[in-house]
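Peer 1: Would you mind keeping the following structure in view while I ask a few things?
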Amino acid sequence: MLEPFSLPFVQRGLWEVLLLSGGAGVLGVWIVLRGLAFYAHGVAAATFPGLVLAAGLGFAGPLGALAVALVFALTVGRLAARDDAGDHSTLTAMVLVGALAAGVLLASDVFPRATNVNSLLFGSLLVISERDLVIAGCVSVAVVVASLLLGPRWLAVGFDRTGSRTLGVRAGGPDALLLLLVALVAVSTLSAVGSLLAAAVMVIPAATVRPWITRLRTWQLATVALTALQGVGGLWLSAETNAPPGATIAVLAGAVFAASVLARAVHDRQRTRGSRPRTAALTPAVRGGAR
Amino acid sequence: MTDVLLDLDGVGAGYDETLALRDVSFRAAAGDRIAVLGPNGGGKTTLFRVVLGELTARTGTLRVEGDVAIVPQTERSRLDFPVSAQDVVLMGTIAGRPWWRGPRRADRDAAREALAAVGLADRADATFGELSGGQRQRVLVARALVRRARVLLLDEPYRGLDTTSAGRLDELIAELAGEGRTLLIATHDVGQARAWDQVLCLNGRQVAFGPPATTLTAETLAGTYGGELLRVGHDGELAVVAEHHCG
Amino acid sequence: MTDAVLVASVLDGLIDPWRSGIMQRALLEVVLLGATGGLLGCWIVWGGLSYSAEALPHAMFPGLVGAALLGLPLVLGGAVGLLVAALLIAAVARVPSLDRDTSISVVFTSMFGLGTLMALSPDTPTGVSELLFGDVLGLTNGDVAVAAALTAVVLLALRLLHPRLLATTFDRDGARSAGLRPGVTDVALIVLIAVATLVCVQALGNLFVAATLVAPAATARLLGRRLGPSMALAVGIALLSGVGGLLLSYHAGTATGASIAGVTVAVYLVVAAAAGVRGTLTGRARGPRRTRTG
């Protein structure tokens, strides 16, 4: 059963997902907490034309991906910083589809031989290189360090943007760095899960853990562990079925998420039946009106 | 008056060419509890944003002594945040230290003191969303206190509170004012407003300002909440404004 | 080359492509896409539903692949896939503490992963991955007829729902106090997006539906603030960029779905950049008007 893990390229994949899980897990928590899921999806998908260009012109893939991701982060990020939810999502959608169209046009009409569109979009075990391991390790370290240093600010701004500004917490710099880190993590996940399914490691694990925790630190640790577990599981499935690892990890993560949500619902129902409902504390804010 | 913390003179502000709020002129001394009355869209939020420095005044002048802090309403999203009461109060200390440094012992002590000051020392580790509405209000007050803000803006703090919690909030507000702070309290509750030192009535502009006993007349309330209903003459309204202009 | 010859050759380049039945069907399809995408897109953009419009087509992917594998009509598979996806998103959105974007992200990523697994597994016949990129040139008369019927449904529904959509999008709380139920209107809008997705998906493919549903309306929004003119403008932009994409694909031999999407988005980006430059020059950013929080 463990046979696939003896193959060298699967072992490399194993190291890749383990190294990734630190950065992707910690950052995933911030993505969910700060409502950046669409941005994360957009920035990952936007790397696609960069990858195609790199493959076609023969330079390092992550370099091309990073260049496009940075452009995306700069344009969308500036709008996001203005706290302008509507326009931000429209622009994200536009840049995303535009990037995909550019990538497909490049791949099918300019460099038809140099690229394997499927492996770029959905990841592939065969393309993971030593370089990807180094990138994943460095990005994970950067994310963990940044989260330790800037976490309090990201938390304060997410909790109450106006309030924290009046408390003297300036959002601009730290938030820009958060968007930049999402772009970096998206680039580092590309070889394993591909540019369309990055949310499988960047969003779903954090969302799976969310209903069970009440503190940030536990959330981050549990998410990292879950990301690593699902990565290893998905990799094994991928090696067994010869399917792209991005797809197997996404399906596995989706199944675990569904199980988590259902278990939570059952758990809550039992508690409600047994004792005072947990949500009782939440009702006053909804009741509204003057006293 | 020596200890004026807030001084507005002819302030007007808005989001585009038309001003959402104009002609606001009043002074608030240390220890004043000021009720801000007005209908929805009457300019309460605009006034708060101007005092906070979020929005620049288009007309008039504004002077604020010391720091200003807002105690917002607890929105649904905040209830879901994975933070303890202590974590929320610690947010007030971030600006006081360089970005690479986490909270130190002094910050934690200050947060604990602020929680004790609002009577929640024993709930420091409780999850914010699981506190009662009144307790959440007090945690947010503590977050403002830890900044040593002298002017506090409270946005409808009584909304959704039961009588006991509201009574406790009354005491806290009196205590904070007694320590030499100025409190601006946005409210819909005219009865509540009568208990405080000053009343500011807004309806797109300043309708009246002054002590509740003389300010909260039928005419003023009609001018604040829609004069048409009570058929108050245009002159009557103007008279009220003139009378209490320099409160 | 004289002017007359130049004009003639340009005209020829514009007219010549439409002589074949394939291109005529493609043109008809693009017109249908423009009408649905332009009109519905206005509500998507104004209601902040861009992410839903982008994600729903991805989430229906397993339905499409399943239909292809079983030999059923794609429209049927797509409809089932959309229904499942919409139900799942609605279910996940009920989980407290997860916002709408996160739930959309979770559902679409898992579903898209599933579809990819099915499409790329060794047993699947080749050609299924075409579903990702669409094939407007491979449409049959039947496909176009179905698309026309669905378009008619969307347009009729939009006409009937117009007052409610307007009230809800403009002011949710106000609409609620006026006795309307914003939740019901939301569901109706999502259903319409799903139907429009069915119209688009065969021609444009899974990846590019959002281009037609979001880009023309987003462009129109940059240019005007009134609803009526914006809608007309959006339809016009959608039609022009659709035809432009077809011509580009015909003459340059590029992938059709990607060409249409590329032209549509390019128009948006050019207009957005122009609006941005103008905003900076006149020193009045579009920001302040919308920062009002209540």
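The values are calculated or read from the model by the stated rules, or taken from the named source; none is laboratory data. Please read these numbers as outputs of a predicted model, since none were measured by experiment. Virtual Cβ from ideal backbone geometry, glycine too; neighbours counted across all protein chains shown.
Peer 1: Considering only the stretch B:196-229, state which residues are modelled with pLDDT under 85, outside any helix (DSSP H, G or I) and on the phi < 0 side of the Ramachandran plot.
Peer 2: Residues satisfying the conditions are B:L216, B:T217.
Peer 1: Would a scan of the stretch B:95-107 turn up a residue that is at pLDDT 80 or above, small (G, A, S) and more than 30 Å from B:L19 (Cβ to Cβ)?
Peer 2: Checked against the condition, which is being at pLDDT 80 or above, small (G, A, S) and more than 30 Å from B:L19 (Cβ to Cβ), the stretch B:95-107 yields at least one hit.
Peer 1: Kindly indicate which of A:G168, A:G194, A:G234 is among the small types (G, A, S) and at negative phi.
Peer 2: Of the residues listed, the single one that is among the small types (G, A, S) and at negative phi is A:G234.
Peer 1: Within the set of pairs 6+ apart or on separate chains, which have a first residue in the stretch B:146-169 that is facing chain A (nearest Cβ under 8 Å) and in a loop (DSSP other than H, G, I, E, B), a second that is of a type in the set (D, E) and surrounded by fewer than 23 Cβ atoms within 10 Å (Cβ to Cβ), and C-beta atoms under 6 Å apart?
Peer 2: B:R147/B:D67
Peer 1: Now for a different question. Name the single residue, out of those in the stretch A:96-117 being in contact (Cβ under 8 Å) with a residue 24 or more places away in the chain and surrounded by fewer than 17 Cβ atoms within 10 Å (Cβ to Cβ), that is nearest to the other protein chains (Cβ to nearest Cβ).
Peer 2: Going through the qualifying residues, I end up with A:V110.
Peer 1: Restricting the stretch A:156-180 to residues that are touching a Leu at 6+ places or on another chain (Cβ under 7 Å) and touching a residue at least 24 places away in the same chain (Cβ under 8 Å), which is farthest from B:R136 (Cα to Cα)?
Peer 2: The qualifying residue farthest from B:R136 (Cα to Cα) is A:L177.
Peer 1: Which residues, counting only those in the stretch A:238-255, are part of a helix (DSSP H, G or I), within 21 Å of C:M111 (Cβ to Cβ) and either touching a Gly at 6+ places or on another chain (Cβ under 9 Å) or in contact (Cβ under 8 Å) with a residue 60 or more places away in the chain (or both)?
Peer 2: Once the filter is applied, which keeps residues that are part of a helix (DSSP H, G or I), within 21 Å of C:M111 (Cβ to Cβ) and either touching a Gly at 6+ places or on another chain (Cβ under 9 Å) or in contact (Cβ under 8 Å) with a residue 60 or more places away in the chain (or both), the stretch A:238-255 yields A:S238, A:P245, A:G246, A:A247, A:T248, A:I249, A:A250, A:V251, A:L252, A:A253, A:G254.
Peer 1: Still on this structure: Can you tell me which of A:S119, A:S129, A:S108 is modelled with pLDDT of 80 or more, among the polar types (S, T, N, Q) and closer than 22 Å to A:G246 by Cβ?
Peer 2: A:S129
Peer 1: So which residues in the stretch A:122-172 are more than 7 Å from chain B (Cβ to nearest Cβ) and outside any helix (DSSP H, G or I), if there are any at all?
Peer 2: A:G123, A:S124, A:I128, A:S129, A:R170, A:A171
Peer 1: Let me spell it out: the conditions are (1) over 16 Å from the mean Cα position of the chain (by Cα); (2) more than 10 Å from chain B (Cβ to nearest Cβ), and A:T214 meets all of them except one. Which number is the exception?
Peer 2: (2)
Peer 1: Kindly indicate the residue of the stretch B:174-195 that is assigned to a helix (DSSP H, G or I) and surrounded by fewer than 21 Cβ atoms within 10 Å (Cβ to Cβ) and also nearest to the other protein chains (Cβ to nearest Cβ) among those meeting that condition.
Peer 2: Looking at residues that are assigned to a helix (DSSP H, G or I) and surrounded by fewer than 21 Cβ atoms within 10 Å (Cβ to Cβ), I get B:Q192.
Peer 1: Based on this model, can you work out whether C:L72 counts as farther than 30 Å from C:M231 by Cα and at pLDDT 85 or above?
Peer 2: Here the answer is no, as C:L72 does not meet what is asked.
Peer 1: I've got another one for you. I'd like to check which helices (runs of 4 or more DSSP H) are fully inside the stretch C:1-84 and have at least 3 residues that are surrounded by 17 or more Cβ atoms within 10 Å (Cβ to Cβ).
Peer 2: Here the list reads C:21-46, C:50-59, C:61-70.
Peer 1: Which residue, of C:S97, C:S103, is facing chain A (nearest Cβ under 7 Å) and either crowded, with 21+ Cβ neighbours inside 10 Å or assigned to a loop (DSSP other than H, G, I, E, B) (or both)?
Peer 2: Result of the check over C:S97, C:S103: C:S97.
Peer 1: Can you pull out the residues in the stretch A:122-165 that are of a type in the set (G, A, S) and under 21 Å from A:V52 (Cβ atoms)?
Peer 2: Hits for the stretch A:122-165 are A:G123, A:S124, A:S129.
Peer 1: Out of the residues in the stretch B:1-31 that are of a type in the set (D, E, K, R) and either under 10 Å from B:A57 (Cα atoms) or within 14 Å of chain C (Cβ to nearest Cβ) (or both), which is surrounded by the most Cβ atoms within 10 Å (Cβ to Cβ)?
Peer 2: Result: B:R22.
Peer 1: Evaluate the following for B:T74: is it surrounded by fewer than 21 Cβ atoms within 10 Å (Cβ to Cβ), of a type in the set (S, T, Y) and not in a helix (DSSP H, G or I)?
Peer 2: no
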